[in-house]
Amino acid sequence: MQTIDQALDKLERSKFRSSFHLTKKEQLYLKEKGMAVMRRHAEDFVRQKLAPADPVKDGKQTPMHGHPVFKAMHATACCCRGCLNKWYKVPLHRELTESEQSRIVNLLMAWIERNSQNN
């Protein structure tokens, strides 16, 4: 199993995944709300959009922008079950475990932290 830093470094080598960056508006929202609120939002989004065995509108359920966590989900290939399967070998058509959800949230938060420092 790869570490968060290894995953982020691998994602940076992808032309598509590395093209995502927080906008000024998203950075301001992050600053206003704080990391604890972002973590709660990430937990909610992962639980609602990724954890079900067959998410509603899988592959189209995560907006591309409008919230730092949405941006992080695309940047880290945690936007749909297909990407989770392709990048992290997470099996399709079964509910995500609490441990898997927690690892995804930790990856999202690490990307947000790293990206907020780079801008």
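Here are a few things to note about the model shown:
- Charged-residue dipole, Cβ positions (Lys, Arg, Asp, Glu), the chain about Cα centre, Debye nearest 20: 340 debye
- Protein accessible area in segment 13-119, 1.4 Å probe - carbon and sulfur %: 54 percent
- When the Cα gyration tensor is reduced to axis lengths a ≥ b ≥ c, the ratio a/c is 1.5 or higher for segment 49-112, and with a/b not above b/c it is classed as oblate.
- Rg/Rh for the chain, where both radii come from Cα atoms and Rh is the Kirkwood radius: 0.93
- Pairs from Lys24/Lys89; Lys57/Lys86; Lys24/Lys86; Lys25/Lys89; Lys60/Lys89 whose Cα-Cα separation, in the structure shown, is over 28 Å: Lys24/Lys89; Lys24/Lys86; Lys25/Lys89
- Residues of type aspartates and glutamates that Lys71 reaches as a straight line, Cα spacing below 13 Å, ignoring anything fewer than 8 places off in the same chain: Glu26, Glu113
- Three-way shape label, segment 39-78, alpha-carbon gyration tensor, a/c 1.5: oblate
The values are calculated or read from the model by the stated rules, or taken from the named source; none is laboratory data. As the structure is a prediction and not an experimental result, all values here were calculated from the model. Neighbour counts are summed over all protein chains in view; Cβ atoms, including those assigned to glycine, are modelled from backbone coordinates with ideal geometry. We work out accessible area using only protein heavy atoms, side chains counted, and drop any ligands, DNA or RNA first. Shrake-Rupley method; radii C 1.70, N 1.55, O 1.52, S 1.80 Å.
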